[in-house]
1. State yes or no: is Glu33 in a helix (DSSP H, G or I), acidic (Asp, Glu) and in contact with a Leu (Cβ under 7 Å, 6 or more places away or on another chain)?
2. Do we have any residue at all in region 70-77 that's buried (at least 17 other Cβ atoms within 10 Å of the Cβ), in a helix (DSSP H, G or I), of a type in the set (D, E, K, R) and at negative phi?
3. Mind checking which residues of region 1-48 are hydroxyl-bearing (Ser, Thr, Tyr) and either surrounded by 14 or more Cβ atoms within 10 Å (Cβ to Cβ) or under 12 Å from the mean Cα position of the chain (by Cα) (or both)?
Amino acid sequence: MLDESRILEIARVAANHRGYAVYDDYNEALRLEICQEGWLEPTHVGWFLFTIKHALIQAGWRFEKHRPARFYPPSSL
């Protein structure tokens, strides 16, 4: 299941690579949840993005509206 720790792990890897995370960084993890785990319906993925955003903001990540939206890590990373 794509829980808070996995959400943060994916974001950290992306931020180490380019300095920020975007929703597209979660594509592979969400695909696995839909196809293999089966707990996430494809039609609910859009709503699950709110869960990702909430987890990152709660962990201190900064959200900025861009195309695509970006999440910047807290300075402690």
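Bear in mind that the values in this text are calculations on the coordinates, not laboratory data. Here the structure is a predicted model, which means the values were calculated and not measured. Reconstructed Cβ throughout: ideal geometry from the backbone, glycine too, with neighbour counts over all protein chains shown.
1. So Glu33 passes the test.
2. no
3. If the condition is that a residue be hydroxyl-bearing (Ser, Thr, Tyr) and either surrounded by 14 or more Cβ atoms within 10 Å (Cβ to Cβ) or under 12 Å from the mean Cα position of the chain (by Cα) (or both), then Ser5, Tyr20, Tyr23, Tyr26 are the ones that fit.
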